[in-house]
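The values are calculated or read from the model by the stated rules, or taken from the named source; none is laboratory data. Predicted model, so just to flag it, every value in this text is computed and none were measured. We place every Cβ from the backbone using ideal geometry, glycine too, and count neighbours over all the protein chains shown. Side chains included, ligands, DNA and RNA excluded: accessible areas come from the protein's heavy atoms. Shrake-Rupley method; radii C 1.70, N 1.55, O 1.52, S 1.80 Å.
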Amino acid sequence: QVHLVESGGGLVQAGGSLRLSCAASGSIFSINVGWYRQAPGKQREWVATFTKSGNTNYADSVKGRFTISRDSAKNTVYLQMNSLKPEDTAVYYCTAYNGIQSWGQGTQVTVSS
């Protein structure tokens, strides 16, 4: 199991940007990594994935605004979030899958209108 620690959340105005980071305890080069989010009173939803083959996939709600990237040398996954909207407010979770699904503790993102 991979230990994941997210950082970079905070309060931002609508239209602003944030970059989330997810530091992994082991190599992320050959595993799938991604981000999910959970808004108050809602189910956790998938946001983006960076596959072990180097492909990226995004939920329709964030496509064109969010970018997932990976620095394998630093074992870190990033989520660049631009043009933020109030509906992006949620706790964002990093995840990794190498046969076992691992989750970080989450980082709060709040977008004010």
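Where the accessible area of the chain is counted over protein heavy atoms with a 1.4 Å probe, how much of it, in %, is carbon and sulfur?
Details: 2780 of 5830 Å².
In the chain, the share of accessible area belonging to carbon and sulfur is 48 percent.
Given R₀ = 25 Å, FRET efficiency for ASN98-THR67 by Cβ-Cβ distance, to 0.05? Don't skip to the end; give the middle numbers.
Values: r = 23 Å, r/R0 = 0.92.
Efficiency at R0 = 25 Å is approximately 0.60.
May I ask you to compute the full-extension gain from GLN105 to SER30, defined as 0.36 nm times their residue separation minus their alpha-carbon distance, rounded to one decimal in nm?
On the way: separation 75, 0.36 × 75 = 27.00 nm, distance 2.23 nm.
Net length gain for the segment: 24.8 nm.
Using 0.36 nm per residue, how much length does the chain from SER7 to GLN38 gain when fully extended, once their Cα-Cα distance is taken away?
Contour length minus Cα-Cα distance gives 9.6 nm.
Return an integer: the convex hull volume of the alpha-carbon atoms of the chain, in Å³ per residue. Mind showing how you got there, number by number?
On the way: hull volume 10.2 nm³, N = 113.
Normalising the Cα hull of the chain by residue number yields 90 Å³.
So, R0 is 25 Å and r is the distance between the beta-carbons of SER112 and ASN57; what FRET efficiency does that work out to, to 0.05?
Plugging the Cβ-Cβ distance into 1/(1 + (r/R0)^6) gives 0.30.
Could you run the Karplus curve 6.51 cos²θ - 1.76 cosθ + 1.60 with θ = phi - 60° over the range 66-80 and give me ³J(HN,Hα) per residue in whole Hz, x for Gly and Pro?
Couplings: 10, 9, 9, 9, 9, 10, 5, 5, 9, 6, 10, 10, 10, 9, 8 Hz.
Is the shape of the range 28-82 best called rounded, prolate or oblate, per the rule: a/c under 1.5 gives rounded, else a/b larger than b/c gives prolate, else oblate, with a ≥ b ≥ c the square roots of the Cα gyration tensor eigenvalues?
Values: a/c = 2.04, a/b = 1.74, b/c = 1.17.
Note, shape of the range 28-82 comes out prolate.
Using a 1.4 Å probe, what is the accessible area per residue for the chain, in Å²? Mind dumping the intermediate values first?
Details: 5830 Å² over 113 residues.
I get 52 Å² per residue for this part.
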